[in-house]
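Colleague: Next up is a structure, given as structure tokens.
The values are calculated or read from the model by the stated rules, or taken from the named source; none is laboratory data. All values reported here derive from a predicted model rather than from experimental measurement. Counting neighbours? That spans all protein chains shown, and the Cβs are built from the backbone with ideal geometry, glycine included. SASA here: full protein model, heavy atoms, side chains in, ligands and nucleic acids out. Shrake-Rupley method; radii C 1.70, N 1.55, O 1.52, S 1.80 Å.
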Amino acid sequence: MAVKGILRAISSNASHDASPAPVPDGLTQRVEILDDIERSGINWLWATDAENRLIYLSASAADSVDKPIDELLSLPLTDLIADDPDNPEQKSDRPLNFQLSKRSKIDSLVVGLKPQMLERQDQPIWWMINAHPKFDEAGDFQGYRGNAKDVTIEYQRKVEDSRLAQFDSLTGLANRHRMNHRLNALLSAFKTTNRSCAIMMLDLDRFKYINDTMGHLAGDELLKQVALRMKKIVGNRGEIGRLGGDEFQIILPDIDDRGKLGELADKIVQIVSQPYPIEGKNAVIGISVGIAVAPYDGIEQDELIRSSDLALYSAKNSGRGQYRFYSVELKNAEEDRRLMVDNLRDALVNDQLELRYQPVVRLEDNLVVGFEALMRWMHPTRGLISPDVFIPIAEELNQINQLGEWALRQACHDAIKWPNSVRISVNVSAVQFADRKFPEIVLNALVQSGLEPDRLELELTESVFLGDSETTDNTFKILKDLGVRLALDDFGTGYSSLSYLQSAPFDKIKVDKSFVDSCTQEDENSAKIIAAIIGLSDALGMETTVEGVEAFDQFNLVRSKGAKYIQGWIYSKALKLEQIEKKMGSGEFKIAPDGPELHRPDRRTVFRRIGAIHEDHRYDVVMRDLSKTGARFEGIIGVPVGTNLVLDLGEGQLVVSSVIRSQESTIAVQFETPLISDGAGGLCTRHRISPYDLAAAGMPLAALPKGRYPLANAASSGKNPPQFTQVSLGKN
């Protein structure tokens, strides 16, 4: 249908019985030009009536979609084309339907043809359309007159460019730019509706080691597999992004339940830490997770990211392979860590490091048969600092080899004074073990101390197998030729231990404390796992030491499962050298087991100032014990059993409770809803009081310190006289 043939059909108010008027030469030339343009395919012409039904479309346009033109005419324009909400080239934020209803001018709008209008629905087509509305002399709308052209190739190229600008090319996850934009948009929108938004910051543990030992191509493949696992875990609950390197972020809208967040984080840690088959080898990494939730831990984007970063640092500095929720105390901890980084460099020089020794006891006669050397840092102002705190810093500062060599020499030197039947165990990091000079360092420590090689036991974890297998095998051979003993520590917490037992010459397996902690609980498989490990060890001709036994119910259980050697607080904590030498007097050192009858993993002794709220009055009290289901505190008297109290644990954490014991100023309460793990060995509430709720109660958001909500000030006080007597709390 040529332009000349439809000219009269679209001319306004043309009479059927009127004689054709002569066409001026100028108009004839214009029509011929338009005909030429149509035939060339440079541009197509289209027109609609007042109801936006197509009354004209260039034949070549119909040909491009493999549809007869008669089938397209009279269709509503919106039956043919539709908006693309993700179109990066759409210059107007108004959708096509809106522009048509308002009879607005349409300027360079890229639209997609609806799949049902295409012969090949798997090959989408995109047009760019321009049009202006036509009105008659009376101002009545007559329809649109416009042009169109196929921009499919250009559009798809620009969509891909836009995608590359927002997504990581390696993993396909959102990149930092997209995640920042997404988080900022969510937080801005959620402020007006008082909604919450959680973010997780994630960092892979030991990824650099994989990159260095297996190469960058293996590292890239590992990152892609990590991304796939995260997608399966998170699903449609949130968006995952790779911020760069081995750093990831997850945005989780409308989730503030820290129970659910903790479960998700724990699942990520467990699944991401499983081995990755790469180049015929098993690469093993870990992951640390920091969690922050808006509006509790920050209202603005920068605040929330800062909070999640601090939580991530805490997770990494507490042993890695863990998750942490943000808390106000982390700010102080960050400052403490910066000071420790500076101080640790001088710790060895200034003789601030020392070794303490925890006994390994033979069950049948309570005889001490060995000690594990545990490093301690006696800081001049902070006192005794645990290795869980400073060893990760030493690894970060590349001081671990220096500290490890010192510990090995010192342990051998101290052990030479003990009976020949007593062994000394020393922990060896994967970094130390990967050093080609490590066997020489071991030999020098033995020679200089005069210690017999079979009295030295080196405790290794599965991470030593992540390096070059040839170097690892060679180191094992040299160490066994020296005559030292080898123990596999933290057995059962990894995923490839059986293959390591087959390939490495271990003399001992150590059952990890995590199994002992839960072995007496109901519906736990830990007791069966302990029995299986002991049976496997016996079958392989190895010794087994069970770590972390603290109470008699645990003691009796592991003994019933065949345990012969125990290391735990039920016998002794780590001792100073002079304590050991004093107790060894006669040449033998025996310890009788001593501890609580039952292990209570969820009860923690604390000294923490909190609030106890009754009706409209808040009392300052000191919490002494805390468990998932209750607490004990001091500070008020005259509280009857059965009284309902709300405990203010700080940071918006309110716990509804009921008094179950009351004796003078000591109160024991049972919680209505159990607490959950905070990922750091502590407990916290699932939900918190939103600062938005406090603001609605009269406290402006600007007055709220970030992360800490002064409920004593927010709540009304003094309306009713106190019913109970406040007592002096003393000093912390």
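Colleague: Any idea how many residues of the range 203-223 are under 17 Å from the mean Cα position of the chain (by Cα) and assigned to a helix (DSSP H, G or I)?
Modeller: So in the range 203-223, the residues under 17 Å from the mean Cα position of the chain (by Cα) come out as 203-207, 223.
The next check asks that each one be assigned to a helix (DSSP H, G or I); those that pass are 207, 223.
Here the count works out to 2.
Colleague: To continue, here is another question. What residue, of Lys528, Lys510, is open to solvent by less than 80 Å² (accessible area, probe 1.4 Å), among the charged types (D, E, K, R) and farther than 30 Å from Ser658 by Cα?
Modeller: Working: Lys528 fails: open to solvent by less than 80 Å² (accessible area, probe 1.4 Å).
Criteria check complete, one pass: Lys510.
Colleague: On the given criteria, is Ile400 touching a helix residue (DSSP H, G or I) at 6+ places or on another chain (Cβ under 6 Å) and buried (at least 16 other Cβ atoms within 10 Å of the Cβ)? First the steps, then the outcome.
Modeller: Numbers: touching a helix residue (DSSP H, G or I) at 6+ places or on another chain (Cβ under 6 Å): yes; buried (at least 16 other Cβ atoms within 10 Å of the Cβ): yes.
Against the criterion (touching a helix residue (DSSP H, G or I) at 6+ places or on another chain (Cβ under 6 Å) and buried (at least 16 other Cβ atoms within 10 Å of the Cβ)), Ile400 qualifies.
Colleague: Considering only residues of the range 383-397 that are farther than 29 Å from Lys583 by Cβ and not aliphatic (A, V, I, L, M), which is most open to solvent (accessible area, probe 1.4 Å)? It would help to see each step written out before you state the result.
Modeller: At the first step, the residues of the range 383-397 found to be farther than 29 Å from Lys583 by Cβ are 392-397.
Those left that are additionally not aliphatic (A, V, I, L, M): 392, 395-396.
Values: Pro392: 13, Glu395: 70, Glu396: 108 Å².
Filtering first and then ranking leaves Glu396.
Colleague: Additional query: Exactly one condition in (1) modelled with pLDDT of 95 or more; (2) touching a strand residue (DSSP E or B) at 6+ places or on another chain (Cβ under 8 Å); (3) farther than 30 Å from Asp302 by Cβ is false for Lys224; which is it?
Modeller: Answer for Lys224: the failing condition is (2).
Colleague: Among residues belonging to the range 652-664 that are open to solvent by 20 Å² or more (accessible area, probe 1.4 Å) and within 14 Å of Pro640 (Cβ to Cβ), point out the one that is modelled with the lowest pLDDT.
Modeller: Let us first name the residues in the range 652-664 that are open to solvent by 20 Å² or more (accessible area, probe 1.4 Å), namely 654, 656, 658, 660-664.
Within this subset, residues satisfying the condition of being within 14 Å of Pro640 (Cβ to Cβ) are 658, 660-664.
On the way: Ser658: 95, Ile660: 94, Arg661: 93, Ser662: 93, Gln663: 90, Glu664: 87.
Ranking the qualifying residues of the range 652-664, first place goes to Glu664.
Colleague: Test Ser196 against the criterion of being of a type outside the set (A, V, I, L, M, F, W, C), open to solvent by less than 80 Å² (accessible area, probe 1.4 Å), touching a residue at least 60 places away in the same chain (Cβ under 8 Å) and over 14 Å from Gly241 (Cβ atoms), and give yes or no. Give the steps one after another, and end with the answer.
Modeller: Numbers: of a type outside the set (A, V, I, L, M, F, W, C): yes; open to solvent by less than 80 Å² (accessible area, probe 1.4 Å): yes; touching a residue at least 60 places away in the same chain (Cβ under 8 Å): yes; over 14 Å from Gly241 (Cβ atoms): yes.
For Ser196, the condition - of a type outside the set (A, V, I, L, M, F, W, C), open to solvent by less than 80 Å² (accessible area, probe 1.4 Å), touching a residue at least 60 places away in the same chain (Cβ under 8 Å) and over 14 Å from Gly241 (Cβ atoms) - is met.
Colleague: I want to confirm something. Restricting to the range 583-603 and keeping residues that are open to solvent by less than 40 Å² (accessible area, probe 1.4 Å) and at pLDDT 80 or above, which single residue is farthest from Ser572 (Cα to Cα)? Let's see the steps before the verdict.
Modeller: Going through the range 583-603, the residues open to solvent by less than 40 Å² (accessible area, probe 1.4 Å) turn out to be 584, 587, 589, 591, 593, 595, 599, 602.
Narrowing the set further to residues that are at pLDDT 80 or above leaves 584, 589, 591, 593, 595.
Working: Met584: 14, Phe589: 12, Ile591: 8, Pro593: 8, Gly595: 10 Å.
In this case the residue turns out to be Met584.
Colleague: Related question: Which ones in the range 536-557 are in a helix (DSSP H, G or I) and open to solvent by 40 Å² or more (accessible area, probe 1.4 Å)? Reasoning before the result, please.
Modeller: Residues of the range 536-557 that are in a helix (DSSP H, G or I), as a first pass: 536-539, 552-557.
Across the range 536-557, the qualifying residues are Leu536, Asp538, Ala539, Phe552, Asn556.
Colleague: Continuing with this model, one more query. For a quick check of your reading: which helices (runs of 4 or more DSSP H) sit entirely within the range 254-364 and have at least 2 residues that are closer than 18 Å to Cys197 by Cβ and polar (S, T, N, Q)? Spell out the reasoning first.
Modeller: On the way: elements: 258-272, 301-317, 329-347.
Ranges flagged: 301-317.
Colleague: From the set of residues in the range 131-148 that are surrounded by fewer than 16 Cβ atoms within 10 Å (Cβ to Cβ) and of a type outside the set (A, V, I, L, M, F, W, C), which is farthest from Met179 (Cα to Cα)? Talk me through it step by step, then tell me what you get.
Modeller: Step one: filter the range 131-148 for residues surrounded by fewer than 16 Cβ atoms within 10 Å (Cβ to Cβ), giving 132, 135-141.
Now restrict to residues that are of a type outside the set (A, V, I, L, M, F, W, C): 132, 136-137, 139-140.
On the way: His132: 39, Asp136: 50, Glu137: 53, Gly139: 49, Asp140: 48 Å.
Among residues in the range 131-148 that are surrounded by fewer than 16 Cβ atoms within 10 Å (Cβ to Cβ) and of a type outside the set (A, V, I, L, M, F, W, C), the one farthest from Met179 (Cα to Cα) is Glu137.
Colleague: Can you tell me which residue is modelled with the lowest pLDDT among those in the range 611-625 that are closer than 22 Å to Gly652 by Cβ and open to solvent by 10 Å² or more (accessible area, probe 1.4 Å)? Steps first, answer last, please.
Modeller: Here is the first cut: in the range 611-625, the residues closer than 22 Å to Gly652 by Cβ are 611-623.
Keeping just the survivors that are open to solvent by 10 Å² or more (accessible area, probe 1.4 Å) gives 613-618, 620.
Numbers: Ile613: 89, His614: 89, Glu615: 83, Asp616: 78, His617: 85, Arg618: 86, Asp620: 90.
Selected residue: Asp616.
Colleague: Is there any pair with a first residue in the range 650-667 that is farther than 28 Å from Asp257 by Cα and a second that is acidic (Asp, Glu) whose Cβ atoms are under 9 Å apart and which are 6 or more apart or on different chains, and what are they?
Modeller: Close Cβ pairs satisfying both conditions: Glu664/Glu634; Ser665/Glu634; Thr666/Glu634; Ile667/Glu634.
Colleague: Consider only pairs whose beta carbons are under 7 Å apart and that are at least six residues apart or on different chains; among these, list those whose first residue lies in the range 146-167 and is among the aromatic types (Phe, Trp, Tyr) and whose second residue is assigned to a helix (DSSP H, G or I).
Modeller: Cβ pairs passing all conditions: Phe167/Arg178.
Colleague: Scan the range 239-251 for residues that are open to solvent by 10 Å² or more (accessible area, probe 1.4 Å) and touching a residue at least 40 places away in the same chain (Cβ under 8 Å) and report the count. Steps first, please.
Modeller: Taking the range 239-251 as the starting set, the residues that turn out to be open to solvent by 10 Å² or more (accessible area, probe 1.4 Å) are 239-240, 242-247.
Checking the rest, the ones that are also touching a residue at least 40 places away in the same chain (Cβ under 8 Å) come to 239-240, 242-244, 246-247.
Number satisfying all stated conditions: 7.
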